[in-house]
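The values are calculated or read from the model by the stated rules, or taken from the named source; none is laboratory data. Keep in mind the model is a prediction, meaning the values are calculated, not measured. Cβ sites come from the backbone with ideal geometry, for glycine too, and all protein chains shown count toward neighbours. Just the protein is used for accessible areas: all its heavy atoms, side chains included, with ligands, DNA and RNA removed. Shrake-Rupley method; radii C 1.70, N 1.55, O 1.52, S 1.80 Å.
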Amino acid sequence: MPDTAFQIDPEVATALAEGRAVVALESTIITHGMPWPENLQTAQAVAFTVRDNGAVPATVAVLDGVMRVGLTPEQLKDLAGRRNVAKASRRDLAAVVAKGGTAGTTVAATMYLAARAGIPIFATGGIGGVHRGAEGNFDISADLIELGRSPVAVVCAGAKSILDIPKTLEVLETQGVAVIGYGTDAFPAFYSADSGETLEHRCDTPGELAAVIAAQRRLELPGGMLIANPLPPEHALPRDEMDAIIARAVADAASQGIGGKALTPYLLGRIVELTGGRSLTANIALIRNNAALAARVAVELAAHP
Ligand code: PSU
Ligand code: MN
């Protein structure tokens with residue numbers, strides 16, 4: 001379907017046509033995951049890191065009713081500076097496009113659009129997952145369902161303990177999603193390298209990761225894959241302190257009646273406040289770390305498709 005509401009940036013389209021390495025990047029982290037101006041600085045730094053490691057960055061977002069794969073530096077700046085931008089998961093795309101709206105795309109929506117563009121790998125900070133208390137409120141991120149559907153490998157630093165991590169891993173298993181530790185047997189918990197949950201699969205080089213992605217493709221197994229890349233150890237935050245801060249953020253959300261799609265952005269913002277910005281520094285470092293790994297895997301995939 002020729003659809004003017006879906007546009008691939010010319011640099012990204014050329015790289016894909018030539019079989020060169022491309023890494024997709026999400027944008028809810030820009031619009032709802034970080035405050036201004038760190039959001040723009042981080043988005044720029046992440047794009048630079050992807051290039052520095054040999055791949056072309058493709059930030060995904062909806063701008064004025066157009067779903068875009070790859071933003072120009074001007075478009076990125078415009079998105080980061082806007083207020084009252086929507087947060088679009090897969091289910092929101094059609095409504096935002098129909099109204100000519102602008103939105104940051106979640107991991108789920110970014111995966112969907114990356115797959116449509118033919119981009120096999122994508123870097124983010126943390127994925128959405130099963131929220132604490134999900135047995136009561138059914139709050140399970142569409143990210144987990146999309147991982148079972150779209151053929152895109154997502155590099156993340158695990159999941160924040162704003163989520164119920166064991167339940168998140170259970171849903172990934174139900175969805176048929178492989179979770180692979182990079183240089184680790186432990187599922188990382190975003191601000192710390194070990195959530196206490198053990199993984200069954202591990203790779204130690206970008207080449208090994210690319211081989212798993214290539215095998216999944218060759219086997220025609222549908223769906224994506226989660227690559228869990230622990231944050232650089234020097235950026236880890238003390239577990240006890242973060243547990244207490246996250247518990248407080250979760251309690252604050254409950255007492256204010258915040259739920260649904262507003263919950264994750266609220267918790268992320270509250271954690272930045274409660275850590276006096278220290279969580280933001282760790283967040284920026286781990287996203288760059290993930291972008292570098294995703295780019296190196298993309299280069300391997302392009303060399304041995
Ligand atoms: N977790 C983070 N940082 C983020 C997000 C999650 O540590 O920025 C964002 C991602 O865009 C993710 C989305 O896809 O939140 C999940 O939202 P929800 O839980 O409403 O599905
Ligand atoms: Mn939710």
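Could you give the radius of gyration (one decimal) and Dmax (whole number) of the Cα atoms in the stretch 1-143, in Å?
14.8, 49
For residue 99, list the lysines whose Cα falls under 21 Å from its own Cα; do not include residues on the same chain fewer than 8 positions away.
87, 261
Please turn the phi angles of the stretch 173-179 into ³J(HN,Hα) values with the Karplus equation 6.51 cos²θ - 1.76 cosθ + 1.60 (θ = phi - 60°), one per residue in order, whole Hz, x for glycine and proline.
After applying 6.51 cos²θ - 1.76 cosθ + 1.60, I find 5, 4, 7, x, 9, 6, 10 Hz.
Please give the contour-minus-distance gain from residue 51 to residue 174: 0.36 nm per residue of separation, less the Cα-Cα distance, rounded to one decimal in nm. Show your work: numbers first, answer last.
Details: separation 123, 0.36 × 123 = 44.28 nm, distance 3.51 nm.
Working it through step by step, the gained length comes to 40.8 nm.
Hey, what's the chain come to in accessible area per residue, 1.4 Å probe, Å²? Let's see the in-between values first.
Details: 12990 Å² over 305 residues.
Spelled out: the 1.4 Å probe surface of the chain, per residue, equals 43 Å².
Find, to one decimal place in angstroms, the Kirkwood hydrodynamic radius of the stretch 222-305, where the mean of 1/r is taken over every pair of different Cα atoms and then inverted.
Working: mean 1/r = 0.0661 Å⁻¹.
After inverting the mean inverse Cα-Cα distance, the result is 15.1 Å.
Amide H neighbours of residue 67 under 5 Å, at least 5 residues apart or on other chains, H built in the peptide plane: list them.
6, 7
Considering the stretch 99-183, what Rg and Dmax in Å follow from its alpha-carbon atoms?
13.2, 45
With the Cα gyration tensor of the stretch 130-242 in hand, convert its eigenvalues to equivalent ellipsoid semi-axes via √(5λ) and list them largest first in whole Å. Spell out each step's value before the answer.
On the way: eigenvalues 106, 77, 18 Å².
With the √(5λ) rule applied to the stretch 130-242, the semi-axes are 23, 20, 9 Å.
What's the magnitude of the charge dipole for the chain around its Cα centre, counting Lys and Arg as +1 and Asp and Glu as -1 at the beta-carbon? Answer in Debye, nearest 20. Please report the intermediate quantities before stating the final value.
Details: 25 positive and 32 negative charges, 139 e Å.
Charge dipole of the chain: 660 debye, to the nearest 20.
Under 15 Å from the Cβ of residue 79, count the other residues' Cβ atoms, weight Lys and Arg +1, Asp and Glu -1, and hand me the total.
That works out to -1.
When you count, for each residue, the other Cβ atoms within 10 Å and take the mean per peptide, how do 180-193, 110-123 rank with the highest first? Don't jump to the answer; show the numbers that get you there.
On the way: 180-193: 21.7, 110-123: 25.0.
Per-residue mean Cβ counts within 10 Å order the peptides as 110-123, 180-193.
From the phi of every residue in the stretch 121-129, what ³J(HN,Hα) in whole Hz does the Karplus formula 6.51 cos²θ - 1.76 cosθ + 1.60 yield, where θ is phi - 60° and glycine or proline is x?
9, 8, 10, 9, x, x, 8, x, x
State the extension gain, in nm to one decimal, for the chain segment bounded by residue 14 and residue 304, taking 0.36 nm per residue of separation less the distance between their alpha-carbons. It would help to have the intermediate numbers written out before the result.
Working: separation 290, 0.36 × 290 = 104.40 nm, distance 1.88 nm.
The residue 14-residue 304 span can extend by a further 102.5 nm.
Please find the FRET efficiency linking residue 64 to residue 44, where r is the Cβ-Cβ separation and R0 is fixed at 30 Å, and quote it to the nearest 0.05.
Values: r = 21 Å, r/R0 = 0.71.
So, using R0 = 30 Å, E works out to roughly 0.90.
State the extension gain, in nm to one decimal, for the chain segment bounded by residue 211 and residue 256, taking 0.36 nm per residue of separation less the distance between their alpha-carbons. Write down the numbers at each step before the final one.
Working: separation 45, 0.36 × 45 = 16.20 nm, distance 4.67 nm.
Gain in length upon complete extension: 11.5 nm.
Starting at the first residue of the stretch 70-82, write each ³J(HN,Hα) from the Karplus equation 6.51 cos²θ - 1.76 cosθ + 1.60 with θ = phi - 60°, in whole Hz, x for Gly and Pro.
x, 10, 6, x, 5, 5, 5, 5, 4, 4, 5, x, 6
Rank 144, 274, 40 by mean-square fluctuation in a GNM of the chain with C-alpha springs under 10 angstrom and give only the top-ranked residue.
Ranking 144, 274, 40 by mean-square fluctuation puts 274 first.
Out of all Cα-Cα pairs in the chain, roughly what percent, to the nearest whole number, are more than 24 Å apart?
Details: 21779 of 46360 pairs.
Of the Cα pairs, 47 percent sit more than 24 Å apart.
Determine the share of the stretch 163-205's accessible area contributed by carbon and sulfur atoms, expressed in whole percent, with a 1.4 angstrom probe. Write out the running numbers ahead of the final one.
Numbers: 870 of 1950 Å².
Carbon-and-sulfur percentage of accessible area, whole number: 44.
For residue 227, list long-range residues whose amide hydrogen, built 1.01 Å from N in the peptide plane, is under 5 Å from its own amide hydrogen.
Amide H neighbours of residue 227, under 5 Å, 5+ apart: 154, 155, 156, 180.
If each DSSP helix of 4+ residues adds -39,500 (n - 2.57) and the sum is divided by the residues in the chain, what number results at 222 nm, nearest 500 deg cm²/dmol?
Working: 12 runs with 137 residues, N = 305.
Calculated from helices alone, the mean residue ellipticity at 222 nm is -13500 deg cm²/dmol.
Could you rank the peptides 100-109, 160-169 by their average count of other C-beta atoms within 10 Å per residue, with the highest value first? The partial results should precede the final answer.
On the way: 100-109: 25.1, 160-169: 22.0.
Most protected by this proxy first, the peptides run 100-109, 160-169.
Skipping prolines and chain starts, which residues have an amide H placed within reach, meaning under 5 Å, of the one on residue 149, given they are 5 or more residues away or on another chain?
Placed amide hydrogens put 224 under 5 Å from residue 149.
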